[in-house]
Amino acid sequence: MAINQDTILRVAHLARLQVSEQDCEETTSRLNDILSMVDQLQQADVGDIAPMAHPLDVHQPLRQDIITETDIRAEVMPIAPAQEDNCYLVPRVIE
Amino acid sequence: MQWETVIGLEVHVQLNTQTKIFSGSSTQVGAEANSQASLIDLGMPGTLPVLNREAVNKAILFGLAINADINRHSAFERKNYFYPDLPKGYQTTQLEHPIVGAGIVEIELADGRKKNVRIHHAHLEEDAGKSLHEDFHGMSGIDLNRAGTPLIEIVSEPDLSTSEEAVAFARKLHSIVTSIGICDGEMSQGSLRFDVNVSVRLKGEEKLGTRTETKNLNSFKFMERAIALEVERQIDVLEDGGTITQETRLFDADTNTARAMRSKEDANDYRYFPCPDLLPVNVSEAEIEALRDALPELPDTRKARFIEQYSLSSYDADMLAGDLNMANYFEAVVTQANDAKLAANWVTGELAARLNASDLNIQNSPVSATDLGQIIVRLKDDTISSKIAKQVLEACWNGEGSPDQVIEAKGLKQMSDSGELEKIVDQLIADNATQAQAYRDADENKRKKMFGFFVGQAMKATQGKANPQQINALLEKKLTQ
């Protein structure tokens with residue numbers, strides 16, 4: 001499977017990554033190298049093996065439902081570029 | 001042309017845990033904006049989510065309630081998209097391995113017809129924050145208190161074919177999740193939100209038409225209207241030779257209109273992948289069995305019990321058993337009043353009407369179950385008539401004291417002293433001698449109507465406090481003498 005520059009630009013847009021035109025060609029070729037390695041892996045016969053969700057045989061520890069966090073607004077809110085009435089301000093998002 | 005509607009629902013249910021699904025932040029509603037958003041909820045680098053056991057248990061309880069397969073191994077994935085109320089840039093959710101597999105929800109329609117609606121699966125995920133578009137002079141305000149609140153998303157098969165069925169299904173889910181205590185059921189607070197997938201096809205056609213999704217409906221009434229609107233729109237488009245675009249639509253309850261929000265991105269655009277921060281979730285058979293043992297009474301079981309135990313009609317049982325708070329209130333009234341039929345009549349009648357008119361839930365009823373039970377006790381022991389009982393209820397509603405206090409303070413005790421009543425009736429007949437004579441001269445049919453006049457006068461003379469049976473008997477005797 002090979003991808004072209006259009007796919008690179010589309011994925012970059014979805015991930016909000018900036019890929020310049022001159023980088024696009026190189027990125028496409030490097031990603032295609034990776035994909036050809038994946039193609040090689042795909043040739044292994046894994047028909048009898050269940051997909052693995054995690055490489056180690058461990059599972060998620062669970063937390064008790066008890067409040068442990070405190071209000072940290074005063075420390076974190078000033079990091080944002082704009083805030084008002086205890087809200088973070090962003091460019092208007094609704095059409 | 002004969003059209004057929006196909007409807008499927010996706011329902012988001014906020015789980016009523018104390019803390020968020022992946023952090024120890026409070027989920028309390030109504031706190032100051034952003035005061036309940038921890039570093040994990042804010043998606044800060046270097047933080048790790050830890051799954052809340054209660055959220056898992058509540059999801060499993062739902063699965064057990066709908067007879068679904070509980071998946072002993074489930075896993076979380078990242079659904080990637082950018083929106084300001086999603087600070088991590090992805091929603092942690094389940095896709096390939098949801099915790100709850102296929103199940104069944106039975107609905108009952110107004111005509112008594114029953115139908116099984118298949119549940120495709122239900123999965124655990126986190127809620128996003130809230131975007132506020134008013135009062136920020138051209139900007140949007142973001143409140144992340146809700147970010148990370150645990151949700152289950154219940155996905156139905158497209159088994160519904162009318163808005164009535166869709167609403168019955170939504171009501172049934174509401175009844176189940178509140179009955180098993182996993183959700184507070186406050187629709188106006190967004191505790192349950194419905195996305196409705198609608199498509200139409202020609203009758204007899206096998207293939208499904210292109211569907212649209214109307215998102216975030218948070219009332220049964222809006223849901224019914226939104227479906228009707230969308231079905232009509234799709235039929236109009238198709239009959240004019242057009243085609244339906246797969247899109248997400250937004251319903252505006254104020255104008256009763258809907259508009260396209262964005263064309264639905266195909267699933268690939270979300271670039272799902274297993275969340276590397278979270279390990280697979282394992283639940284043991286023993287844990288599932290312990291939850292099964294702890295499963296509270298389900299609405300259907302309760303309805304059957306109400307019919308059996310209290311000899312209620314199916315209709316009354318439906319009204320009382322569907323909502324857990326309503327059911328608890330009713331049973332408390334029965335305990336107090338020791339009369340299920342009267343308790344059912346008063347709870348579904350007078351009280352329900354008052355609650356409706358004031359837009360109140362039964363949990364917020366100004367009249368407690370004990371008070372209503374006491375009113376019924378006084379009605380049964382003939383202290384008050386049913387007309388006066390309504391007055392007592394009103395006074396209790398207005399906070400004027402307990403039923404006995406109200407009856408005492410307002411002198412509402414029924415007059416059952418036959419000597420005193422007899423005097424009043426004698427006086428009444430003397431004062432209305434002409435009418436009394438006319439009554440005696442009248443034939444049986446006319447008498448019935450005329451009799452009402454004397455009852456009315458007697459009630460007037462006693463300010464409604466006369467025992468109606470006694471008054472009737474006395475009047476009958478005296479008028480025919």
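The values are calculated or read from the model by the stated rules, or taken from the named source; none is laboratory data. Treat the numbers as computed from the prediction; the structure is a model and nothing was measured. Here Cβ is always computed from backbone atoms with ideal geometry, including for glycine, and neighbour counts include all displayed protein chains. Quick note on the areas: whole protein, heavy atoms, side chains included, nothing else; ligands and nucleic acids left out. Shrake-Rupley method; radii C 1.70, N 1.55, O 1.52, S 1.80 Å.
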Inset, instruction - Ignoring everything but the protein chains, give the 1.4 Å probe accessible area of B:THR210 in square angstrom, nearest 10. - result: 60 Å²
Inset, instruction - Could you state how much accessible area B:ILE104 has, in square angstrom rounded to the nearest 10, with a 1.4 Å probe and all protein chains kept in place? - result: 80 Å²
Inset, instruction - Excluding residues on the same chain fewer than 8 positions from B:LYS423, give the aspartates and glutamates whose Cα lies under 16 Å from its Cα. - result: B:ASP431, B:GLU476
Legend entry - Model label zone, A:ALA80; criterion: amide N under 11 Å from point 7 Å along Cα-to-beta-carbon; scope the stretch B:137-160: B:140-145
Inset, instruction - With all protein chains present, calculate the accessible area of A:ILE79 using a 1.4 Å probe and round the result to the nearest 10 Å². - result: 120 Å²
Legend entry - Net charge contributed by nearby residues that have their C-beta within less than 15 Å of B:MET450 (K/R +1, D/E -1): +2
Legend entry - Residues of type aspartates and glutamates that B:LYS387 reaches as a straight line, Cα spacing below 20 Å, ignoring anything fewer than 8 places off in the same chain: B:ASP339, B:GLU350, B:ASP371, B:GLU400, B:ASP404, B:GLU408, B:ASP417
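Rounded to the nearest 0.05, what FRET efficiency do B:VAL29 and A:GLU26 have when you use their Cβ-Cβ distance and R0 = 60 Å?
Values: r = 51 Å, r/R0 = 0.85.
Between B:VAL29 and A:GLU26 the formula returns 0.75.
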Inset, instruction - Using only Cα atoms, tell me the angle between helix B:444-461 and the longest principal axis of chain B; keep it within 0 to 90° and round to the nearest 10. - result: 80 degrees
Legend entry - Solvent-accessible surface ranking, highest first, for B:THR383, A:THR7 at 1.4 angstrom: A:THR7, B:THR383
Legend entry - Within 10 Å of each Cβ in B:41-49, the average number of Cβ atoms from other chains: 1
Legend entry - Rounded Å value of the spacing that divides the Cα centres of the stretch B:209-225 and the stretch B:297-365: 30 Å
Legend entry - Calculated from backbone phi, Karplus (6.51, -1.76, 1.60) coupling profile of the stretch B:210-224 in Hz, x at Gly/Pro: 5, 9, 10, 10, 9, 9, 6, 7, 10, 8, 5, 5, 4, 4, 4
Inset, instruction - Within the stretch B:104-179, list the GluC sites (Glu not before Pro) lying in a DSSP loop whose Cβ has at most 16 other Cβ atoms in a 10 Å radius. - result: B:GLU134
Inset, instruction - Please say if chain A is rounded, prolate or oblate, where rounded means a/c under 1.5 for a ≥ b ≥ c the square roots of the C-alpha gyration tensor eigenvalues, and otherwise the choice is prolate for a/b larger than b/c and oblate otherwise? - result: oblate
Legend entry - Local net charge near B:GLN14, Cβ-Cβ under 10 Å (Lys/Arg +1, Asp/Glu -1): -1
Legend entry - Positive-end residue of B:PHE330, A:GLN40, B:GLY209, charge dipole of the protein assembly as shown with Cβ unit charges: B:PHE330
Inset, instruction - Pop a pseudo-label 7 angstrom from the Cα along the beta-carbon direction at both B:LEU208 and B:ALA352 and give the gap in nm to one decimal. - result: 3.5 nm
Inset, instruction - Ignore the peptide's own chain and count Cβ atoms of other chains within 10 Å of each Cβ in B:274-280; give me the average, rounded. - result: 3
Inset, instruction - Find the centroid of the Cα atoms in the stretch B:90-120 and in the stretch B:384-462, then give the distance between the two in whole Å. - result: 56 Å
Legend entry - Calculated [θ] (222 nm, deg cm²/dmol) that DSSP helices of n ≥ 4 give over chain B, each run adding -39,500 (n - 2.57): -12500 deg cm²/dmol
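Measuring with a 1.4 Å probe in the full set of protein chains, what accessible area per residue, in whole Å², belongs to the protein assembly as shown? If you can, show how the numbers build up before the last one.
Values: 30160 Å² over 576 residues.
That works out to 52 Å² for each residue.
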